[in-house]
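Since the structure comes first, as structure tokens, the remarks are kept for the end.
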Amino acid sequence: MSIVVTGATGHLGRHVVQQLLEKVPAEQVTAVVRDEAKAADLAARGVRLAVADYNAPETFEGLFAAGDKVLLISGNEFDKGRVRQHTVVIDAAKAAGVALLAYTSAPGGLTAALADDHRATEEVLLASGLPYSLLRNGWYHENYTENLAPVLEHGAVVQAAGDGRVSSAARADYAAAAVAVLTGEGHENTTYELGGDEAWGFAEYAAELSRRTGREIAYTPVSGEALTGILTGAGLPGPLAAILAGVDASIEKGELVITSGDLARLTGRPATPLAEAITAALKG
Ligand SMILES: NC(=O)c1ccc[n+]([C@@H]2O[C@H](COP(=O)([O-])OP(=O)(O)OC[C@H]3O[C@@H](n4cnc5c(N)ncnc54)[C@H](OP(=O)(O)O)[C@@H]3O)[C@@H](O)[C@H]2O)c1
């Protein structure tokens with residue numbers, strides 16, 4: 001029996017493996033990676049590596065064993081059909097008879113186009129009959145704090161979210177929730193709505209940045225169309241820019257405010273405050 005983590009060399013996957021190693025012996029952890037070289041540090045710690053690609057079903061044949069607990073981390077290749085990719089993993093897990101398949105999904109109330117692949121993957125997973133856990137991750141702090149360069153350059157937080165609020169949390173928090181599900185008992189056929197403990201708005205975010213940097217940083221709300229133009233102007237592909245503007249529209253409607261308390265309950269501690277993530281980002 002192994003705990004198997006796909007996307008293990010991604011940002012979230014690395015947090016998950018790191019935190020798993022604090023709880024279970026390394027030989028019980030399998031990291032599914034596309035590029036073995038990228039995972040050399042994990043192998044050095046005794047983690048078993050399995051090389052597989054969501055686009056190549058044959059690479060998942062025989063990868064899982066009966067009784068495994070699997071974390072399927074959603075892919076990031078928006079143009080390659082993520083539902084088909086995720087289905088490859090679910091089919092292989094079903095064939096092996098894994099004990100649990102946990103999937104990093106999106107909040108149940110999110111209507112933005114970004115959520116479409118997640119809703120469809122959830123349907124595939126439920127139809128498979130596998131014991132499942134839907135980890136409906138809210139937004140990451142890092143979506144903002146890792147993209148501070150243009151904000152600091154222009155002294156402006158430019159978003160199309162009006163006065164909307166978002167209950168973001170750190171990737172490490174969502175990883176801790178996943179680890180709790182993978183190492184704990186009784187998580188079969190569960191759905192968790194995961195988010196930070198406090199929702200915040202972009203004016204507050206700009207004020208916090210001003211305090212931390214000693215500079216005047218203001219929130220400039222723009223329309224979705226304007227934001228799409230700004231993002232494509234900065235080099236983002238049009239479809240991705242439109243997806244991000246769609247997320248802002250959802251934030252304005254309150255769809256990324258999570259009040260379930262599931263994250264703190266699963267991890268047994270408060271989520272990382274936004275201010276802490278800002279401090280870490282400004283130091284880095
Ligand atoms: N909640 C949020 O705010 C938020 C924000 C952004 C993304 N997400 C979603 O959450 C996921 C995890 O977040 P993250 O920050 O860890 O993203 P990330 O760093 O981009 O990681 C994505 C992972 O998926 C793997 N992957 C992509 N395509 C694959 C394929 N064809 N076959 C096998 N593996 C593949 C990548 O492998 P490599 O390491 O080989 O590249 C990587 O490990 C993202 O992929 C996305 O679906 C959520």
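The values are calculated or read from the model by the stated rules, or taken from the named source; none is laboratory data. Just so we're clear, the structure is a prediction, and the values are computed from it rather than from any experiment. Methodologically, a virtual Cβ is constructed for each residue, glycine included, from the backbone with ideal geometry; neighbour enumeration extends over all protein chains shown.
For the stretch 156-191, the set of residues classified as hydroxyl-bearing (Ser, Thr, Tyr) and assigned to a helix (DSSP H, G or I) consists of Tyr174, Thr183, listed by residue number.
Consider the stretch 225-258 and keep the residues that are part of a loop (DSSP other than H, G, I, E, B) and over 18 Å from the mean Cα position of the chain (by Cα). The one that is surrounded by the fewest Cβ atoms within 10 Å (Cβ to Cβ) is Gly235. Would a scan of the stretch 80-97 turn up a residue that is within 13 Å of the ligand (Cβ to nearest atom) and in contact (Cβ under 8 Å) with a residue 40 or more places away in the chain? Yes - at least one qualifying residue is present in the stretch 80-97. Among the conditions (1) more than 16 Å from the ligand (Cβ to nearest atom); (2) acidic (Asp, Glu); (3) in contact with a helix residue (DSSP H, G or I) (Cβ under 9 Å, 6 or more places away or on another chain), the only one that Glu185 does not satisfy is (3). Is it the case that some residue within the stretch 48-62 is part of a strand (DSSP E or B), near the ligand (Cβ under 10 Å from one of its atoms) and out of contact with any His (no Cβ under 8 Å at 6 or more places or on another chain)? Yes, the stretch 48-62 has at least one match.
What number goes with the only condition from (1) within 16 Å of the ligand (Cβ to nearest atom); (2) at pLDDT 95 or above; (3) closer than 19 Å to Gly224 by Cα; (4) not in a helix (DSSP H, G or I) that Asn143 does not pass? The number of the failed condition is (4). Taking the residues in the stretch 146-160 that are surrounded by 15 or more Cβ atoms within 10 Å (Cβ to Cβ) and small (Gly, Ala, Ser) as candidates, determine which candidate is farthest from Ala226 (Cα to Cα). Per the stated criteria, the residue is Gly155. For the stretch 165-184, indicate whether the set of residues that are buried (at least 16 other Cβ atoms within 10 Å of the Cβ) and free of Cβ contacts under 8 Å to residues at least 60 places away in the same chain is non-empty. No - not one qualifying residue is present in the stretch 165-184. The residues on offer are Thr30, Thr6, and the sole one that is of a type outside the set (A, V, I, L, M), closer than 12 Å to Ile73 by Cα and either at pLDDT 95 or above or within 9 Å of the ligand (Cβ to nearest atom) (or both) is Thr6. Within the stretch 99-134, the set of residues being in contact (Cβ under 8 Å) with a residue 60 or more places away in the chain, within 18 Å of Ser74 (Cβ to Cβ) and either touching a strand residue (DSSP E or B) at 6+ places or on another chain (Cβ under 8 Å) or assigned to a loop (DSSP other than H, G, I, E, B) (or both) comprises Leu100, Ala102, Thr104, Pro107, Gly108, Gly109, Leu110, Thr111, Ala112.
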